[in-house]
Amino acid sequence: MKQRILIVIAVLIFVAGVVGTVMVLNAPKKQTVNIKSGGKVLYTLELGKEKDRTFDIKTDSGVNTIEIKDGKIRVKEADCPDKTCVRMGWLESSAMPIVCLPHDLVIEFVNGDSGVDAIAE
């Protein structure tokens, strides 16, 4: 009797995992990104509507070259010493934002609910 209960529980967990995976894979892709520096939004871009292009963002600390291609975005080049932002590659909807700490630059997807995650005073 205990074996049957364990088998039923295992099957239910497996089915829940499969259903969850299908739901995540079929979720609409986030397409709007904010590019921020110093906590202020410099650009809000809808990647699906942007043309392929490259542009520079200059901060007090340096320059980042941003590339938009095929509906994706990345930091192509940066003059910061560690280049972590460049090595992060293309921004993925499930990944952490692209961050360049030396230049205080963040590229992140906009929360689909309201566009504002939180306001702190």
**Request:** Please list the non-local residues whose amide H lies under 5 Å from the amide H of Ile73, H modeled 1.01 Å from N, same-chain partners needing a gap of 5 or more.
**Result:** Leu91
**Complete:** Sorted by chain and number, the residues with a modelled amide H under 5 Å from that of Leu42, at a separation of 5 or more or across chains, are Ile35, Lys36, Ser37
**Fill in**
Result for the chain, cysteines with no Cys Cβ partner under 4.7 Å, is Cys80
**Item:** Helical mean residue ellipticity (222 nm; -39500 (n - 2.57) per DSSP H run of 4+; nearest 500) of the chain
**Value:** -8000 deg cm²/dmol
**In sequence order, calculated HN-Hα J values of region 83-91 (Karplus, 6.51, -1.76, 1.60; Hz; x Gly/Pro)** = 6, 4, 4, 5, 5, 5, x, 6, 6
**Prompt:** Taking N as the number of residues in the chain, what value does Rg over Cα atoms divided by 2.2 N^0.38 Å take?
**Reply:** 1.46
**Fill in**
Residues whose built amide H sits under 5 Å from the amide H of Val110, excluding neighbours closer than 5 in sequence, are Thr32, Val33, Asn34
**Message:** In whole Hz and in residue order, list the ³J(HN,Hα) couplings for region 62-68 that follow from phi through the Karplus curve 6.51 cos²θ - 1.76 cosθ + 1.60, θ = phi - 60°; x for Gly and Pro.
**Reply:** x, 10, 10, 9, 9, 10, 10
**Message:** Along the charge dipole of the chain, pointing to its positive end and built from +1/-1 on Cβ of Lys, Arg, Asp and Glu, which listed residue (Ile98, Val18, Asn34) has its Cα farthest out?
**Reply:** Val18
**Message:** Could you work out the relative contact order of the chain? I mean the mean sequence separation of Cα pairs under 8 Å and 6+ apart, divided by the number of residues, in percent.
**Reply:** 20
**Prompt:** Can you give the charge dipole size of region 35-93 about its Cα centre, rounded to the nearest 20 debye, using +1 on the beta carbon of Lys and Arg and -1 on the beta carbon of Asp and Glu?
**Reply:** 100
**Prompt:** Treating the beta-carbon of each Lys and Arg as +1 and of each Asp and Glu as -1, no other charges, what is the dipole magnitude of the chain about its Cα centre, to the nearest 20 debye?
**Reply:** 600
**Request:** Over the chain, average the accessible area per residue using a 1.4 Å probe and give it in Å², no decimals.
**Result:** 73
**Message:** Whole-Hz ³J(HN,Hα) for each residue in region 6-11, computed from phi via Karplus 6.51 cos²θ - 1.76 cosθ + 1.60 with θ = phi - 60°, x for glycine and proline: what do you get?
**Reply:** 5, 5, 4, 5, 4, 5
**Request:** Multiply the residue gap between Asp79 and Thr21 by 0.36 nm, knock off their C-alpha separation, and tell me the result in nm, one decimal place.
**Result:** 16.9 nm
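The values are calculated or read from the model by the stated rules, or taken from the named source; none is laboratory data. None of the values given here were measured: they were computed from a predicted structure. Methodologically, a virtual Cβ is constructed for each residue, glycine included, from the backbone with ideal geometry; neighbour enumeration extends over all protein chains shown. The protein model used for the area step is the full one, side chains on, heavy atoms only, and it has no ligands, DNA or RNA in it. Shrake-Rupley method; radii C 1.70, N 1.55, O 1.52, S 1.80 Å.
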